[in-house]
Amino acid sequence: GAIGGGCCMAEPLNLKTLAISAGATPIVSVSLTAGPGEITTLMGPSGSGKSSILAAITGTLPEGLSATGDILLGTQNLATLPAWKRRIGILFQDDLLFPHLSVGGNLALGLAPGGTRAERRGRVERALAEVGLEGFADRDPATLSGGQKARVALMRALLSEPRALLLDEPFGSLDAELRSQIRTLVFDHAKARCLPTLLVTHDPQDAEAAGGPVIRLR
């Protein structure tokens, strides 16, 4: 498909019997591989542990939950790393933009430290241009539409140069027309960057648009 030959350097995300439990009570267990530039979809009813799987991958499981099994990115086992070292991008249903920062300030948070102010500003401007939001750097996030916020959240996640991307029902609050537009945008960017991507959704149309393997949790 659209993946092309440019993904040979990227590494797959591989969950090997990742099992999450609350105390002695098992919640969910899953094995899957998302290849570079491939979008693997996790579907299941509420409470089936979809978001817990994403939290285990990012290293942010809430207290009281524990995970066993391996979370491999290439040959590296992320399960042994602290959350901040894992370099996993995540998009949520709520865009979680910081209200006290401008749009540009929100995007700058994604950038690795270093570089001059002008260089950083340039990267933020280019990221905004990439999603059709030229000149929005100084805007207050509160003035943005839902679709614009979703675009800013996507670019913030991508500016941090993640090695994999997790999508936790990120299109859930958008109306149907916008949903399809933003979904295409997110998927295209993930594929263009060869990111192994894991999508959690209730919507069969999301899974169909993702075009990758679909794993159903009971």
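Where in the range 143-218 are there strands (runs of 3 or more DSSP E), lying fully within it, with 1 or more residues that are loosely packed, with under 15 Cβ neighbours inside 10 Å? Spell out the reasoning first.
Values: elements: 164-168, 197-201, 214-216.
Here the list reads 214-216.
Restricting to the range 45-83, name every residue that is touching a residue at least 24 places away in the same chain (Cβ under 8 Å), in a helix (DSSP H, G or I) and not β-branched (Val, Ile, Thr).
The answer is Lys50, Ser51, Ser52, Leu54, Ala56, Ala83.
Considering Leu78, Leu133, which residue is touching a strand residue (DSSP E or B) at 6+ places or on another chain (Cβ under 6 Å) and at pLDDT 95 or above? Spell out how you get there, then give the answer.
Working: Leu133 fails: touching a strand residue (DSSP E or B) at 6+ places or on another chain (Cβ under 6 Å).
Result: Leu78 is the single residue among Leu78, Leu133 that is touching a strand residue (DSSP E or B) at 6+ places or on another chain (Cβ under 6 Å) and at pLDDT 95 or above.
Determine if the range 86-95 includes at least one residue that is open to solvent by 60 Å² or more (accessible area, probe 1.4 Å) and free of Cβ contacts under 8 Å to residues at least 60 places away in the same chain. Step through it out loud before you land on a result.
Taking the range 86-95 first, the residues open to solvent by 60 Å² or more (accessible area, probe 1.4 Å) are 87, 92-94.
Restricting the remaining residues to those that are free of Cβ contacts under 8 Å to residues at least 60 places away in the same chain gives none.
So far as the range 86-95 goes, no, none of its residues is open to solvent by 60 Å² or more (accessible area, probe 1.4 Å) and free of Cβ contacts under 8 Å to residues at least 60 places away in the same chain.
The values are calculated or read from the model by the stated rules, or taken from the named source; none is laboratory data. Keep in mind that what you see is a predicted model, and the values were worked out from it rather than measured. Positions of Cβ are backbone-derived with ideal geometry, glycine not excepted, and every protein chain shown enters the neighbour counts. All accessible areas refer to the heavy atoms of the entire protein, side chains included, with ligands and DNA or RNA removed. Shrake-Rupley method; radii C 1.70, N 1.55, O 1.52, S 1.80 Å.
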